[in-house]
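Written out below as C-alpha cells is the structure these notes cover.
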C-alpha cells in the first residue's frame with residue numbers, strides 16, 4: 001500500500017500533543033478518524049505504536065522509532081517543497097517559521113500579512129513555543145527561520161529585528177500599583193508569577209536580578225506559566241505580580257485589567273533576533289521574508 005504522508009503527519013501530531021482529541025481538533029477532523037489513521041499506520045508497519053492501556057498517549061519502543069523517522073520524512077518533504085521553487089526562481093512553496101511567544105503573537109502577524117500579499121504562492125506555517133524549543137527546532141531543521149528573544153550562539157546566523165523592554169505588572173488594586181516606577185528590588189518577597197523555564201523573558205529577568213545581586217530564590221514564586229497571556233490572566237486574577245514584555249502588557253493595561261509600571265535601577269530592554277542555519281541554504285521564500293523583517297527590502 002505504501003506510507004501516506006498525511007498519516008505520518010497525524011501520527012506525529014498525536015505524539016506531540018499527547019492526545020487523540022487534541023490532534024483531531026488541530027486537524028479539523030473527528031477523533032475516530034484520527035484513531036483510524038493511527039491503526040492504518042500500525043497495520044502498515046506491523047507494530048503497535050501507541051500504548052493506550054493507561055489512558056494516556058504513550059509511544060511504544062516501536063512508536064518512538066517510527067516517530068523519529070516520521071519527523072525526518074516530513075522535514076525532507078518540506079525541504080523538497082521549498083527547494084523546487086528555488087530551481088525555477090519562483091517565490092512559492094512552504095515557509096516554516098518558529099517563534100517564541102512575543103515575536104509569534106505580537107511582532108510577526110502583521111509582517112506575515114504583508115508577506116502573503118506580496119507572495120501569495122507561499123504557504124507559511126508559524127509554530128510558537130519557548131525560545132529554547134524554537135532554537136532546537138532550527139537545529140533539527142524543522143523550521144528555516146527562528147524568531148527568539150534569546151541571544152543566539154555564535155554558530156548560528158542571526159540578525160536583530162526588533163526590541164522591547166520588560167515592565168512590572170500587578171493586579172489593579174495591588175499596593176505597588178499606585179507607583180509610576182518601581183525598583184526591581186521591590187519584587188523580592190512579593191507573590192510572583194513567572195514565565196516558564198526556556199522563555200527569553202524569564203532569562204532576561206533572571207539576568208537583571210543577577211545584576212542587582214539577587215536571585216530567583218528571593219521571589220515568592222507561586223506559578224510558572226507557559227505564555228504571556230496566561231501570566232496576564234493570573235495577575236488579573238490576583239495570583240501575584242510579574243515582569244513581562246511591554247508588548248504583552250500594553251493592551252490589558254489600557255483595558256484596566258492589570259496595572260503596568262516601568263522598572264527603575266536596571267536596564268530591562270531586550271532585543272529579538274531572527275536566527276537561521278549558516279550551513280543550510282535558505283529557500284527563496286525564507287530569503288525574501290528575512291529581507292523583509294531585517295529591513296533590507
Revision key, fill the gap. Rounded to the nearest 10 degrees, the helix 5-17 long axis (Cα) sits at an angle to the longest Cα principal axis of the chain of 30 degrees
**Study point:** FRET efficiency estimate (nearest 0.05) - Cβ-Cβ, residue 215 to residue 123, R0 51 angstrom
**Key:** 0.65
Point to revise | Helix 284-293 vs. the chain, principal-axis angle (Cα, 0 to 90°, nearest 10) | key: 10 degrees
**Study point:** Label-to-label distance, nm, for residues given as residue 291 and residue 17 (7 Å Cα→Cβ offset)
**Key:** 3.7 nm
Exercise for review: Just need log10 I(q)/I(0) for the chain at q = 0.07, 0.09 Å⁻¹, Debye formula, equal scatterers on the alpha-carbon atoms, no solvent, rounded to two decimals.
Suggested key: -0.34, -0.55
Practice item. Determine, for 174, 69, the number of other Cβ atoms within 10 Å of each Cβ, and report the residues in order from fewest to most. Key: 69, 174
Review point. Per residue and in cubic angstrom, what volume does the convex hull of the Cα atoms of the stretch 169-235 have?
Key: 89 Å³
Practice item. Give me the angle, in degrees from 0 to 90, between the Cα long axis of helix 108-118 and the longest principal axis of the Cα atoms of the chain, rounded to the nearest 10. Key: 50 degrees
Review point. Using the 10 angstrom Cβ neighbour count as an exposure proxy, how do 50, 128, 244 rank, fewest first?
Key: 128, 50, 244
Study note, to complete from the structure: Quick note on 46, 123, 131, ordering by fewest other C-beta atoms within 10 Å, gives 46, 123, 131
Practice item. Find the relative contact order for the stretch 100-237 and round it to a whole percent, using C-alpha pairs within less than 8 Å whose residues are 6+ positions apart. Key: 26 percent
Revision key, fill the gap. Asserting the computed 222 nm helical MRE of the chain (DSSP H runs at least 4 long, -39500 (n - 2.57) per run, divided by residue count, to nearest 500) equals -13000 deg cm²/dmol
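Read-outs throughout are calculated quantities, based only on the coordinates presented, and are distinct from any laboratory measurement. Being a predicted model, the structure only gives us computed values, none of them experimental. Glycine also receives a Cβ, built like all others from the backbone with ideal geometry; neighbour counts cover every protein chain displayed.
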